[in-house]
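Reviewing the structure listed below.
Only the coordinates and a few stated rules stand behind these numbers; no lab work does. Since the structure is predicted, the reported quantities are computational estimates derived from the model, not experimental observations. Every residue, glycine as well, gets a Cβ built from its backbone with ideal geometry; the counts of neighbours run over all protein chains shown.
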Amino acid sequence: MKDTIDVDRAMGATTRADTGARRLLRPRTAVLSAALLLSALLGIAAAPAAAIAPRTTLPIIEPQVMCVLCKIPLNVAESQQANAERAFIQELIDKGDTESQVKKTLVAQYGSRVLGLPPASGFNLAVYLVPAAVVLVLLAFLFALLPSWRRHARAAAGLKRPAPSLDPSDAARLDSDLARFS
């Protein structure tokens with residue numbers, strides 16, 4: 001027993017009450033460790049379930065692809081070609097293809113013109129970059145010209161209108177009103 005007290009004192013315990021408290025904490029630590037281990041295992045087991053791609057449907061694909069004959073989104077197209085494309089897409093979905101697989105198959109069948117958005121590569125990249133560049137250039141012009149516009153506006157305001165002056169009778173009446181309300 002003397003050895004236990006010396007070990008506990010070496011670890012920082014000064015009384016037997018402190019030793020008892022440490023012994024009570026050990027089971028709590030074990031329970032906490034077990035809970036953390038269990039949650040980690042459940043997280044690992046749930047990861048493959050989350051990695052499974054959700055099944056796609058025709059209403060998800062339709063707005064993203066175009067009718068190659070009508071050149072409008074498939075969800076609004078009303079032609080035989082649009083109906084043929086819908087049937088082809090539905091066959092791919094029934095086969096179990098994912099959204100990306102359906103799109104790749106459509107591009108292989110009809111070409112890249114079937115996609116609603118062009119791929120972000122090559123010259124098509126300009127579709128995404130030019131609008132952003134235009135907005136940045138316009139913001140730069142605004143940032144550069146705004147101080148100049150404000151300076152000119154202040155100068156023009158100072159030249160066009162002199163400060164209004166009050167008639168002495170109006171000034172006396174104003175002073176009496178202000179004195180009365182103060």
Explain nothing, just the number: dipole magnitude of the stretch 58-117 about its Cα centre with +1 on each Lys and Arg Cβ and -1 on each Asp and Glu Cβ, in debye rounded to the nearest 20.
220 debye
Karplus-derived 3J(HN,Hα) from phi for the stretch 66-82 (6.51 cos²θ - 1.76 cosθ + 1.60, θ = phi - 60°), whole Hz, x at Gly and Pro, runs 10, 6, 6, 8, 7, 6, 10, x, 4, 6, 10, 6, 10, 9, 5, 5, 4
In percent, what relative contact order does the stretch 58-117 have, based on Cα pairs under 8 Å that are 6 or more apart in sequence?
38 percent
For Met66, which sequence-distant residues (separation of 5 or more, or a different chain) have an amide H within less than 5 Å of its own amide H, given hydrogens modelled in the peptide plane?
Leu74, Leu115, Gly116
